[in-house]
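Each value in this text was obtained by applying a stated rule to the coordinates, not by laboratory testing. If you're wondering where the values come from, they're calculated on a predicted model, not measured in any experiment. Heads up, the Cβs are rebuilt from the backbone with ideal geometry, glycines too, and the neighbour counts pull from every protein chain shown.
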Amino acid sequence: MEKHTTADRSNDKSLIKTPYKKIAVVVLDIYLDKTLDYGIKDEHISFAAPGMRISAPIRGKLQTGYILEIKDSSPFDNLQAINSFQSEQIYLTQELFELALWMSRYYASPLSLIFKTILPSVIASKTTFKQQLFVIRKKTKDEIIEYCLLNREKSPIQVAILEEMLKVKKGILLTELLEKAKSSRSSVDALVKKGLLEVDIVRIDRSPLINEEYFKTKPKVLNSQQAEALQKINVSLEKKEFAVHLLYGITGSGKTEVYLQAIEKALKSNLRVIMLVPEIALTSQTIERFKSRFDDYISILHHRLSDGERFDEWHKILNSDAKIVIGARSAIFSPIKDLGLIIVDEEHESSYKQSESMPCYHARDIAVMRGKLSQCAVILGSATPSLESYHHALSGKYILSKLSARAEKSQLPKVTIVDMAKEREKQGYTNYSQALLDGIKTRLEKGEKTILFLNRRGYHTTLFCPTCQEGINCKHCDTTLTFHFHDQKLSCHLCGYTIMPPKVCPKCHNDTMKYKGVGTEQIERSLHAIFPEVRTLRMDADTTKHKGSHQKILKDFGTGKADVLIGTQMIAKGLHFPDVTLVGVLNTDTQLNIPDFKASETVFQIITQVAGRAGRGILSGEVIIQTFLPENNVLQLAAKQDFEGFFEEEIEIRRLFSYSPFTNLVKIAFVGDDEKKTLENAINFHDNLKKQLTEHYLLLPVLPAGHAKVKDQYRFQFFLKGKSIYEINHAIAKVKKELKITCKILVDINPLSTYF
Ligand code: ADP
Ligand code: ZN
C-alpha cells in the first residue's frame, strides 16, 4: 500500500550509520501515499513516541505530520531531522493507530487522509488552550481594608479596584475586574507593584454546559426483557471481551434505560464509554438524560461546537477527564483510553455514514472494529435495525436482545392507511384526508398534541410550464427549484442558488406557469386556513439555521406553546412528548418510488420512527398514513409496525438480487466540471478495472448519478459487487496508478444508495 522512502532520495539501500541514534517513520499531512524517514535530534529522543504530531522539512519547507514508528536505523543516508514537536503528548493512541491502518485498507484511502478524519482539524492546527489573566489578592483581607482606608482620598481608582477584589472568593478575570471597577490596566499594575495583587495566567475552560446543573435521577427497576438484555451486556463487560449486542426494542421500550445502566456498570469497573447518537438527537432532551444520571464529566461533541470548545473537549478526553463521550459520527474517533463500552443508538441511521468525501466510512462499522481492537462491548440499538445488523444477529454473529413492549404503561399507537386518491374524489384537491382533519380537530378540543411529518421543506416543490411540461431547474444542478413562500423565491436545495419565480416559461414563453408539490411551509399555512386558532411550530432546515433554534422549537412544543409540530425527518428521531396522541404521515410516496436498493428500508424505518412519537404517555396514540399507494407492502408492514415481517420479505429481495449483507457493493464516482471528460474518465476506469478482476466480480455499467450535476460538477458512477473488499481495493489502486485520471474520484465502500 505505502511506498517507503526518505525525504532526501538516496540510491544506497544498505544500512548506513546516520548521525541520529533514533529514526522516525513519518506520515506527513500533505504527502499522500508514502511514509518518510527522519532523524530524531538528541534533545527530542527522551520523549519522542509514535502518535506524536511533529513538523519536518520537505522540499525546503516545514510540514506537519505524525510519527508512525520509531526505529534504530534507516536504509537511507543523509536523513533530515524532525524539526519540532507540536506537544509532548501522544495524539494518536496505539488503538487509534491500528484503527487507522485498517481504515486505510478497507476504505481505500491514504493514511494521511485517514488521520485527517480521525483528528479534528483544530487539534492538528496550532490552536492552544485559551489563556486569560486572572487577578488574586497577595495580602490578607484585613491588610487590604487598611490600605483602602488610608488611600481613599489619594487614589480612589485603586481603592475601587481593591474593593472589587474584597468581594471575590479566590480571584477574578482581569477583564471582568477592569469592567467592574471601571478602571484601566495601569492601576492594577500599580497595585501589583505595591505587592497587594498578583496577575496570573490561567487556562479557561471553553467546554459547553460546564456550569449547568441537573437534577439527579436514579436507575429505574428494569422489566424482565430489559434486565435480560442488561445481564448479557454485563457478562461482556465483566469479561472485558469483544461482543456486539443488538438491542432491538420498539420505540419507547426503554433502550435508553438499558444504555444508562450498562454505562453505570462500565464506569464502576473504571472503564470509559463512547456513545454515538444521530446528530439531530444531540438535543438537550438526550443530554439531560445522561447528565442527570452521572456525576462524572460527560463530553458532548456536536458539529456546532466552536473550534475552541472542540479543542478543550478533545484534550479532556485525551487526558481522561471525560469518562463518557457522547457525540455524532466522528465521536467514534475520540482518543478515549480504557474503553469498555461503545453504544451506537439508532444504529440504522444514515447519518452515521460519510458519503460525500473519502474515506466514506460508516461509524457503526468503525464502532464494531474499534470494539474488536479494544476488546470491549458494543451495543447497537434500534427500533428498526438495519437489515445488515439484524441479519448478523440472526446468524449468531451478534447477540440479540429484544424489547417488545413499551416500558411505561403506554401501548403502541393504532395505525390507519388512508387512500388519498379516494379522498380527492370526495373532497377535490386537498393535503388532508377527512380522518386526519377530524383527528386534529379532536386533539385541539382535548388539548392534546399532533405531529405532522412531511419529508419536503419549502412551499411548492416545483414550478413548471403546463404547455411544454418543463420544470424550472437550478442553473448549477440537476434538480428542480423549490418555491419558498417566506422569501417568495425559488431556491435550490443542493447548492443554495435562488431566483425570483419567472412569470413566463423560459422555454416556450407561455404565461401559464403552475406550481405543484407540497412542502412543510404549505402544510403549515394551509392548516391555519382550516383551523384559524391552531398554534403551530415548524421544524425543518429552514427554521433551524441558527444555533439553538432546534432546541427552542422542541422546548416550546414541550411546554405547550403549540398544538401541532410540523416537520421533516428531523422530528422522527428520539423525541419524547407524552401528550402527542396523533401523528400524521403526509406523503412518503416519492421516497418509495426512488429506484434504490434501500428505498423500502428507509421508508419503513422513517414511518416506524415517526409513528413511535405517538402515544408515549398514558394517553393512547393514533397514526394516520396518507398515500396514493395504499396497497404498497412496505406501508402495510409499517402500519402493522411489523419489523420482523418486513425483514423477512426484504432480506429475500437482497439475497435474490445480491445486495448487502450477502455481498459487498462498491461505488466508484467520477466528478468533474467537464461533462464529456468526466464520462470518458469513468468509462476508461471501468474498462481497465474489469481487466483486473476475475469473473467473480460483477461490474455494472457507467451511469449518470441520481443528481447528474451538482454545483456545476458532473457526476458519473458505476457499481461493482463482489466478495473481497481488499481484492477490489487492490485492483482500484492499480488502475489509479496506471491511468491518468483528470477528474475527482470517490470510492464508496458499501454505499447507502445505488441511485445518488
Ligand atoms: P427508547 O429509548 O427505547 O425509545 P426510552 O428509554 O426513551 O425508550 O423509554 C421510554 C420511557 O419509558 C422513558 O420515559 C423512560 O424513562 C421510561 N422507562 C424506561 N424503562 C423503564 C422502566 N424499567 N420502568 C419505568 N419506566 C421506564
Ligand atoms: Zn443548485
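Eigenvalues of the Cα gyration tensor times 5, then square-rooted: what semi-axes does that give for region 668-717, in whole angstrom, largest first?
23, 11, 6
Name the long-range amide H neighbours of His348: under 5 Å, sequence gap of 5 or more, or other chain; modelled H, no Pro or chain starts.
Ser386
Once you sort the root eigenvalues of the Cα gyration tensor of region 289-341 as a ≥ b ≥ c, which label holds: rounded (a/c under 1.5), prolate (a/b larger than b/c) or oblate (the other case)?
rounded
Could you run the Karplus curve 6.51 cos²θ - 1.76 cosθ + 1.60 with θ = phi - 60° over region 140-156 and give me ³J(HN,Hα) per residue in whole Hz, x for Gly and Pro?
5, 4, 4, 4, 5, 4, 4, 4, 4, 4, 6, 10, 4, 6, 5, 10, x
On a full-extension model of 0.36 nm per residue, what is the gain between Lys545 and Lys240, subtracting their alpha-carbon distance, rounded to one decimal in nm?
105.5 nm
For region 299-362 and region 544-601, write down the distance between their C-alpha centroids in whole Å.
Here the two parts' Cα centres lie 24 Å apart.
Scaled to the compact-protein estimate 2.2 N^0.38 Å, what is the alpha-carbon radius of gyration of region 426-472, rounded to two decimal places?
After normalising by residue count via 2.2 N^0.38 Å, the value is 1.69.
Among DSSP beta bridges lying fully in the chain, give the percent that are antiparallel, nearest 5.
Beta bridges within the chain, antiparallel portion: roughly 55 percent.
So which lysines pass the test for Lys167, namely a Cα distance under 24 Å, with those fewer than 8 places away in the same chain ruled out?
The qualifying lysines are Lys138, Lys139, Lys141, Lys154, Lys180, Lys182, Lys193, Lys194.
What Kirkwood hydrodynamic radius, in Å, does region 584-699 give when the mean of 1/r is taken over all pairs of distinct Cα atoms and then inverted?
Answer for region 584-699: a Kirkwood hydrodynamic radius of 17.5 Å.
Going through region 26-115, which trypsin sites (Lys or Arg not before Pro) have at most 11 other Cβ atoms within 10 Å and a DSSP loop state?
Hits after loop and neighbour filter: Arg59.
Just want the ordering: Asp72, Asp321, Asp29, from fewest to most Cβ atoms lying within 10 Å of their own Cβ.
Asp72, Asp321, Asp29
For region 375-427, I need the span (max minus min coordinate) of the C-alpha atoms along each principal axis, in Å, sorted largest to smallest.
Largest to smallest, the principal-axis extents are 61, 30, 16 Å.
On a full-extension model of 0.36 nm per residue, what is the gain between Lys737 and Glu470, subtracting their alpha-carbon distance, rounded to one decimal in nm?
Fully extending the segment from Lys737 to Glu470 adds 91.8 nm.
Using a cut-off of 12 Å between alpha-carbon atoms, which aspartates and glutamates can reach Lys22, once sequence neighbours fewer than 8 places away in the same chain are excluded?
Excluding near neighbours in sequence, the set is Asp37, Asp42, Glu43, Glu69, Asp72.
Any chance you could list the semi-axes, whole Å, largest first, of the equivalent ellipsoid that the Cα gyration tensor gives for region 646-756, using √(5λ)?
They are 25, 18, 10 Å, listed from largest to smallest.
Pull out the extension gain between Ile45 and Ala529, defined as 0.36 nm times the separation in residues minus the alpha carbon to alpha carbon distance; nm, one decimal.
Length gained between Ile45 and Ala529: 166.7 nm.
Viscosity 1.567 mPa s, temperature 4 °C: Stokes-Einstein D of the chain from its Kirkwood Cα radius, in µm² per second?
43
If the limit is 20 Å between Cα atoms, which of Lys34/Lys61; Lys291/Lys353; Lys414/Lys552; Lys216/Lys240; Lys667/Lys691; Lys414/Lys598 go over it?
Lys291/Lys353; Lys414/Lys552; Lys216/Lys240; Lys414/Lys598
Counting just the Cα atoms, what span does region 451-564 cover along each of its three principal axes? Round to the nearest Å and put the largest first.
52, 32, 20
I'd like to know how region 530-629 sits against the 2.2 N^0.38 Å rule of thumb: what's its Cα Rg over that expected value?
Taking the Cα Rg and dividing by 2.2 N^0.38 Å, one obtains 1.14.
At what distance in angstrom do the alpha carbon centres of region 683-726 and region 70-107 lie from each other?
With region 683-726 and region 70-107 each reduced to a Cα centre, they are spaced 34 Å.
Which log10 I(q)/I(0) values, to two decimals, does region 32-112 give at q = 0.13, 0.20, 0.23, 0.24 Å⁻¹ under the Debye formula with one point per Cα?
For region 32-112, the Cα-only Debye profile gives -0.43, -0.99, -1.23, -1.30.
What order do you get for Glu738, Glu264, Glu309 when you list them from fewest to most C-beta neighbours inside 10 Å?
Starting with the residue having the fewest Cβ neighbours, the order is Glu738, Glu264, Glu309.
Simple spin-label model, 7 Å along Cα-to-Cβ: Lys507 to Glu652 in nm?
Reported label-point gap for Lys507 and Glu652 is 4.2 nm.
Sort Ser357, Ser660, Ser109 by Cβ crowding within 10 Å, fewest neighbours at the top.
By the 10 Å Cβ count, ascending, the order reads Ser357, Ser660, Ser109.
What nm value, rounded to one decimal, do you get for the distance between Asn270 and Leu703 when each label is placed 7 Å out toward the C-beta?
5.7
Between region 728-746 and region 634-653, what is the C-alpha centre distance in whole Å?
Value for the Cα centre distance between the two parts: 39 Å.
Residue by residue through region 675-691, what is 3J(HN,Hα) from phi via Karplus (6.51 cos²θ - 1.76 cosθ + 1.60, θ = phi - 60°)? Round to whole Hz and write x for glycine and proline.
Per-residue couplings from phi come out as 4, 5, 5, 5, 5, 4, 4, 5, 5, 4, 5, 4, 5, 5, 5, 4, 5 Hz.
Between Arg289 and Asn78, what FRET efficiency follows from the Cβ-Cβ distance if R0 is 41 Å, with the result rounded to 0.05?
It comes out at approximately 0.10.
Could you state the per residue volume, in Å³, of the convex hull enclosing the Cα atoms of region 708-752?
Roughly 86 Å³ of hull volume per residue.
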